[in-house]
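Encoded as structure tokens, the structure appears first; notes follow it.
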2 protein chains.
Amino acid sequence: MSLMADMNPAEIRQLIRRKKWVKPTSGLASGFVQANLAILPKELAFEFLLFCQRNPKPCPLIDVTEPGSFIPTLSAPNADIRTDLPKYRVYRNGVLTEERTDIFDFWNNEMVAFLLGCSFTFEEKLLDNGVPVRHMEEDCNAPMYITNIPCQKAGRFEGPTVVSMRPMPPKDAIRAVQITSRFPSVHGAPIHLGDPEQIGIRDINQPDFGDSVTIKEGEIPVFWACGVTPQAVAMHVKPDMMITHAPGHMFLTDLTNESLSIM
Amino acid sequence: MSLMADMNPAEIRQLIRRKKWVKPTSGLASGFVQANLAILPKELAFEFLLFCQRNPKPCPLIDVTEPGSFIPTLSAPNADIRTDLPKYRVYRNGVLTEERTDIFDFWNNEMVAFLLGCSFTFEEKLLDNGVPVRHMEEDCNAPMYITNIPCQKAGRFEGPTVVSMRPMPPKDAIRAVQITSRFPSVHGAPIHLGDPEQIGIRDINQPDFGDSVTIKEGEIPVFWACGVTPQAVAMHVKPDMMITHAPGHMFLTDLTNESLSIM
């Protein structure tokens, strides 16, 4: 794994393309941005792009392809979005119908691929700054919750904001606000901290997605807008076809994490 | 004018709607965000939105209306985009055909209004921080230049980045980088400072738009991406119809300048 951490994104995408890596991408190509994928038909692309523009915290756009193009020109100009993720999920009318290791057979000229920032980038920066991340310590997924915070509607796209949670002492929470504010392209600053009920979370130990983590004495939960939000919202619209990455099986871009920082 | 500076944006929009104010908006509703306007047919809206997403420094989106809606829901929910700017410009096939004080007659269900951040916001913040702005001191428009920095193409939209320039001593230039970095929604940090030739500007005293300003001994020119860029790029596509604000006659939103700051 440490060897893979040192390989560059293009080398790893080649392995993935040749089906030599069909596992989650966490820890690969250390220092480079990994992205969530959502592919939608052109007919829905304007509304979804508008939804992302109106909701930049849960839906931070890293790159959007031209309709029909499978090349993410800005973030990885030598990549092929149809083959370069280790695992995809195909949804028809909002229902998961299959998982695939490439989507050659599904691609057509009407498709638009959206790449969205993910929390891997800011978690690396938290660790670099000495702020531990509990679900990494406990080797599980971050706990995620459906909140009562509505997204800004755009066309047919609407729904609640989903958040991920990381518990930490107040001193670390303050530092985490500073660190993640520098990275608006990967969810940016937290959207809430402290009392979960204020954002409609009844039981912090019962996440809607991911795993429950330990909250120690003196720690407060800190909540970030989560990339599950746009997928949940898009599913609700029940597009004829929608393709996403499988959880944890992200797209590796050529962008460095640091290139996304502002200041 | 000082009375107008203290009025809130909604009150001023009412005056504008009733044709009681048909002048530039600089200095009005101090502390509130003013925006550039570009109205395009729905058929071009996805490509233009994608262009803005790919070029956030010249094209920082503040708000985008649903197709056919004249209400900028996020930035001024009680406003009417057809009447609430003091002066509009109508372009047909890329040619300016008329100036109007409202666009009732031109509006249809296929139109999408884009509101883009403008430099008024960051100039207020420069002044608040003791960084003087030369074109304000000299009571003229900021000098603007067409550079050799290409925008990221999106569909039919492409062209060079236009910049505005403010000369200042290096100490102020450093402070200006810090201040404007906090405001990515209004062009953010400068894109160049120092030697104009490096970005394709031959004669700093001959701006392509706006007015030439004095550059004093020991000062360097500092260049920000400019909201003229998207208009120039859109004009190049020659849409059947495109409507913009007349220069200096901006849209007053209900958003405070400070609400756009990150950190």
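Annotations for the structure displayed:
- Exactly one residue out of B:Leu37, B:Leu3 is without any contact (Cβ under 8 Å) to a residue 12 or more places away in the chain and either part of a helix (DSSP H, G or I) or not small (Gly, Ala, Ser) (or both): that is B:Leu3.
- In the set (1) surrounded by 21 or more Cβ atoms within 10 Å (Cβ to Cβ); (2) within 14 Å of chain A (Cβ to nearest Cβ), B:Arg166 fails one condition alone, (2).
- Among the residues of the range B:178-190, just one is open to solvent by 60 Å² or more (accessible area, probe 1.4 Å) and out of contact with any helix residue (DSSP H, G or I) (no Cβ under 8 Å at 6 or more places or on another chain), namely B:Gln178.
- For the range B:217-229, the criterion of a residue being open to solvent by less than 30 Å² (accessible area, probe 1.4 Å), closer than 30 Å to B:Leu40 by Cα and among the polar types (S, T, N, Q) is satisfied by at least one position.
- Flag for A:Pro150 being surrounded by fewer than 18 Cβ atoms within 10 Å (Cβ to Cβ) and closer than 16 Å to A:Ile199 by Cβ: yes
- Filtering B:Met136, B:Met144 for residues that are surrounded by 13 or more Cβ atoms within 10 Å (Cβ to Cβ) and free of Cβ contacts under 8 Å to residues at least 60 places away in the same chain leaves a single hit, B:Met136.
- The listed residue being open to solvent by 10 Å² or more (accessible area, probe 1.4 Å) and in the same structural domain as A:Asn78 (by TED's automatic domain parsing), out of A:Arg17, A:Arg13: A:Arg17
- Considered as a group, the residues in the range A:220-263 that are in a helix (DSSP H, G or I) and hydroxyl-bearing (Ser, Thr, Tyr) include one that is modelled with the lowest pLDDT, and that residue is A:Ser259.
- Qualifying residues in the range A:54-92 (those that are under 15 Å from A:Gln231 (Cα atoms) and facing another protein chain (nearest Cβ under 10 Å)) - the one least open to solvent (accessible area, probe 1.4 Å): A:Leu61
The values are calculated or read from the model by the stated rules, or taken from the named source; none is laboratory data. Note that the coordinates shown come from a computational prediction; the quantities given were computed from them, not determined experimentally. We place every Cβ from the backbone using ideal geometry, glycine too, and count neighbours over all the protein chains shown. All accessible areas refer to the heavy atoms of the entire protein, side chains included, with ligands and DNA or RNA removed. Shrake-Rupley method; radii C 1.70, N 1.55, O 1.52, S 1.80 Å.
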